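K.L.:
Below: one structure in structure tokens.
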Amino acid sequence: MPETISATAAPAVGKTPGTERSRARARAARNRAILVQSTRALVLLGVIGLWEWLARASVIDPFNFSMPSKIWEQLKQWALHGTAQGSLWEQIWYTLYEALLGWGIGVVAGVVLGIAFGRIAFLADVLGPYIKVLNALPRIVLAPIFLIWFGLGPASKVASAVVLVFFPVFFNAFQGAREVDRNLVANSRILGASNRQVTLQVVIPSATSWIFTSLHVSFGFALIGAIVGEYIGATKGLGLLVSSSQGTFNAAGVYAAMVILAVVALLAEGLLTFLEKRLFRWKPAQPGEDR
């Protein structure tokens with residue numbers, strides 16, 4: 001009799017309330033993700049279809065606004081037969097190389113100086129006003145100056161990307177270093193940690209989420225810097241495609257180059273989001289966020 005009671009009272013494996021709730025949450029998250037992705041696709045298809053219809057019905061001028069079908073034909077022509085400047089893939093790689101190099105330099109400089117200013121109050125007090133003045137300058141107008149200094153090669157585009165990337169990363173790293181929990185720093189001091197150990201093992205890990213937030217925005221800025229530099233003067237790159245298409249009144253070519261840039265930016269954003277989720281798996285998920 002006792003054996004019968006214990007066997008009846010034992011919960012079935014895999015049927016606990018906690019397990020059921022976890023499965024329900026997982027199903028709800030999957031359903032929401034499907035709904036979000038489907039709605040995004042419908043919005044995109046609706047915009048493309050409306051644009052095509054308006055252009056074909058001459059509600060908008062197809063010469064100035066082009067239409068999605070012509071943009072697609074332009075992309076196919078570039079992909080299959082190349083551009084006037086060479087292979088399409090060569091143009092994409094050239095712009096991506098400039099943007100990635102400028103992004104890497106700007107991120108490293110922004111993180112190092114931001115953490116340094118956040119840790120050394122005297123340094124921030126002395127040089128802080130100069131950083132603010134430089135940040136207030138319209139940095140896009142520096143592109144012609146860089147073109148004069150460094151020529152038509154990739155160096156001028158990399159410099160444009162660096163100055164656009166540096167400031168958002170710097171300010172986020174600076175704020176992240178300032179927002180570190182003072183109790184963690186004090187406990188590290190009590191345990192005998194040096195300034196270097198506190199910076200490397202407490203401050204930088206605490207500021208990482210701030211830094212990653214700036215990385216999402218800064219890569220787009222790096223692309224802008226490279227494109228603007230190529231638009232002003234270059235021998236290769238997507239910015240040169242935009243400039244050449246504009247010069248020949250080829251609206252489809254301008255939009256096609258913008259589509260390529262959008263795809264590159266989305267791929268970069270997806271990669272950064274994946275890395276962020278891998279690095280911050282310990283963080284609790286926000287409402288509506290799928291981890």
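K.L.:
Quick check on the chain: take the gyration tensor over C-alpha atoms, sort the square-rooted eigenvalues as a ≥ b ≥ c, and tell me if it's rounded (a/c under 1.5), prolate or oblate. Please list the in-between numbers first.
P.N.:
Values: a/c = 3.05, a/b = 1.24, b/c = 2.46.
Oblate.
K.L.:
Per-residue ellipticity at 222 nm for the chain, helices alone: DSSP H runs ≥ 4 residues times -39500 (n - 2.57), over residue total, nearest 500 deg cm²/dmol?
P.N.:
Values: 13 runs with 229 residues, N = 291.
The helix contribution divided over the chain gives -26500 deg cm²/dmol.
K.L.:
Between Arg119, Arg178, Arg196, where does the largest GNM mean-square fluctuation fall for the chain, given springs only between Cα atoms within less than 10 Å?
P.N.:
Checking each option, the largest mean-square fluctuation is seen for Arg196.
K.L.:
Can I ask one more? May I ask you to order 28-40, 59-71 by the average number of other C-beta atoms within 10 Å around their residues, highest value first?
P.N.:
59-71, 28-40
K.L.:
Next question. Compute the relative contact order of the chain as a whole-number percentage, counting only Cα pairs closer than 8 Å that sit 6 or more residues apart in sequence.
P.N.:
21
K.L.:
With the dipole of the chain worked out from charges on the C-beta (+1 for Lys and Arg, -1 for Asp and Glu) around the Cα centre, which of Gly225, Asn135, Val259 lies farthest toward the positive end?
P.N.:
Asn135
K.L.:
Further question on the same structure: What's the longest piece of the chain with no exposed GluC sites (Glu not before Pro), counting a site as exposed if DSSP puts it in a loop and it has at most 14 other beta carbons within 10 Å?
P.N.:
That gives 1-178 as the longest site-free run.
Every read-out reported here was derived from the displayed coordinates using simple, explicitly stated rules and does not represent laboratory data. Just so it is clear, the model here is predicted, and its values are computed rather than measured. For neighbour counting, all protein chains shown are included, and Cβ atoms are generated from backbone atoms with ideal geometry for every residue, glycine included.
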